[in-house]
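The values are calculated or read from the model by the stated rules, or taken from the named source; none is laboratory data. Computed from a predicted structure; not experimentally measured. Ideal geometry is used to build each Cβ from the backbone, glycine not excepted, and the neighbour counts take in all protein chains shown.
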Amino acid sequence: MEMHFDQHISRQFNEDLESLKTEMLEMGGMVARQVADAVDALANADSELADEVLRIEEVIDKTEMALDEHATLIIAKRQPAASDLRMVLSVIRIARDLERIGDEASKIAKMAIALTEEGTSPRGYTEIRHIANAVRKMLNDALDAYTRFDVQSALQTLAEDEQVDMDYRTAVRELVTYMMEDPRSISRVINVLWTLRSLERIGDHAKNICEQVVYLVEGADIRHGHQENLRRS
């Protein structure tokens with residue numbers, strides 16, 4: 001859909017908002033790549049790729065801080081209202097979620113290094129690939145929905161988190177049962193469980209991004225399951 005922001009006397013104000021949005025989406029692309037590399041590092045026992053994921057974490061942290069400073073400066077200088085203010089606030093919130101996704105990707109990279117050193121886990125890689133594909137799609141679709149200000153796409157993507165949660169719980173039950181049957185596998189399977197937990201959390205953060213799309217376009221806060229607050233046309 002087409003998003004109409006307030007009319008500005010200052011052309012620079014429009015450029016500031018567009019620049020802020022572009023910086024956030026670039027950060028999103030960086031984080032999406034980090035997640036993909038972390039999962040690949042684990043699946044392929046590639047400790048060098050895992051090390052690269054860990055190096056990128058510092059870049060992502062600095063990017064989030066720079067975005068926050070940029071957004072704060074816009075608020076201080078322009079005192080935006082209505083949709084302009086929602087744009088700035090949504091970028092701040094999404095950048096925070098992206099930074100936390102980066103943290104989870106780093107955790108997966110650390111699990112990849114641990115599994116490379118300890119020996120691969122006898123179970124869990126199928127579940128990792130399945131859930132990783134689902135949350136990566138959620139993240140990409142959430143960022144795309146933001147780019148297009150597409151509320152319906154955001155709501156559809158948000159709903160996918162429920163299936164991710166169900167798949168995660170199923171995988172945990174199966175892996176815990178396996179560890180009980182083969183105690184020798186415990187240390188390696190635990191690393192897989194932590195990886196699955198990080199992927200589940202990435203899905204949660206992608207869901208949060210979808211909620212910010214609704215907030216930006218509709219002005220409705222649907223966090224914490226309060227979707228009844230969504231204005232329906």
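General remarks:
- Selection status of residue 93, within 17 Å of the chain's Cα centre (by Cα) and farther than 13 Å from residue 198 by Cα: yes
- Residues being surrounded by fewer than 18 Cβ atoms within 10 Å (Cβ to Cβ), in contact (Cβ under 8 Å) with a residue 60 or more places away in the chain and either of a type in the set (A, V, I, L, M) or in a loop (DSSP other than H, G, I, E, B) (or both) - total across segment 74-88: 2
- Any chance residue 121 is modelled with pLDDT under 95 and of a type outside the set (A, V, I, L, M, F, W, C): yes
- Flag if residue 184 is surrounded by fewer than 22 Cβ atoms within 10 Å (Cβ to Cβ) and within 25 Å of residue 109 (Cα to Cα): yes
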